[in-house]
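K.L.:
Sharing a structure, written as structure tokens. Questions coming.
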């Protein structure tokens, strides 16, 4: 009994130490603050490499497809944004430890970390794309994906001490992620949602949604970070698509379009803040008619996010079987149709979580934003709320 108590106490003490270390690391993080500096340094991380092939398809390796898509994405960014410094964790087939990838990102003070991967499943049925941000795995599937991707550390020497005793085969190791906070979660979610939107609308890939899980490669990054699963190599049809130049081009273009939109949002926000900071402040500028918080300035309390689950030219009774087991359905008449929504969230990260939950019942569900009673672009709502 005494042994059990000591063992439990020691484990709790060790876990507390890990949490304190994480807190101190995040507090002292050396990364940029994108919402202030804009997006000017980007790091692209092709998953796996070298002795670590990643997922193995019937005739493909994840490490090769991830690298090809990453290089194509980098070329798109380089050709379209002169103000972006681009860094890769690898540009050839070599093994890079997970903690080294993080160190590279933090050393250059990157504004965005993009890790590119391919998915797998014991069943050949699952297909589609999903984008992850760091956080708690809300389902067994999320945990499985995180454990598979994290298992790469077994290729590293002395991985147990490097990752504070983390064991990629133990579900208990994931407890540490429940005690962590990602200072850039909102920005990560914004970019991740944009990536999935482009996959769905531009490449017509099946959208498996934005998810949260405990990925070691995202653990210590001090900037907005996402891990993109571009498709399943365990699915024969999807593997064939990802193995082609055309498929890789389209995936890279979708991620680039999402990056372009995200950069515009952050840079425009930065431009506004810079103008305010540089402007001369005097008594006149603080008068009610000129005060930034009055007149035509944003009424933040009037902006909310909702999840649209259905749209119809004709009214659908709220008691319809389509809405069975769902309460508080709202009907919005706009653009000659009736839109049916669930949720009233002021936080974008909260609505992303709700949207993913609703997608299980309504696969085509997506997020909309309202300012007062008017539907406005989600990107505009995010930008206005963050000013």
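K.L.:
Give the number of residues within region 99-127 that are touching a strand residue (DSSP E or B) at 6+ places or on another chain (Cβ under 6 Å) and part of a helix (DSSP H, G or I).
P.N.:
Summing the residues that are touching a strand residue (DSSP E or B) at 6+ places or on another chain (Cβ under 6 Å) and part of a helix (DSSP H, G or I) in region 99-127 gives 2.
K.L.:
Hey, another quick one. Quickly run through region 185-205 and pick out the residues that are part of a loop (DSSP other than H, G, I, E, B) and on the phi < 0 side of the Ramachandran plot.
P.N.:
Just the residues of region 185-205 that are part of a loop (DSSP other than H, G, I, E, B), to begin with: 202-205.
Within region 185-205, 202, 203, 205 meet the criteria.
K.L.:
Which residue out of 30, 22, 39 is at pLDDT below 90 and in a loop (DSSP other than H, G, I, E, B)?
P.N.:
Numbers: 22 fails: in a loop (DSSP other than H, G, I, E, B); 39 fails: at pLDDT below 90.
Going through 30, 22, 39 in turn, just one is at pLDDT below 90 and in a loop (DSSP other than H, G, I, E, B): 30.
K.L.:
From 171, 197, 203, which residue is assigned by TED's automatic domain parsing to the domain that holds residue 107, more than 18 Å from residue 356 (Cβ to Cβ) and modelled with pLDDT of 90 or more?
P.N.:
Answer to the check: 203.
The values are calculated or read from the model by the stated rules, or taken from the named source; none is laboratory data. These numbers come from a predicted model, not from an experiment. Cβ atoms come from the backbone with ideal geometry, glycine included; neighbour counts cover every protein chain shown.
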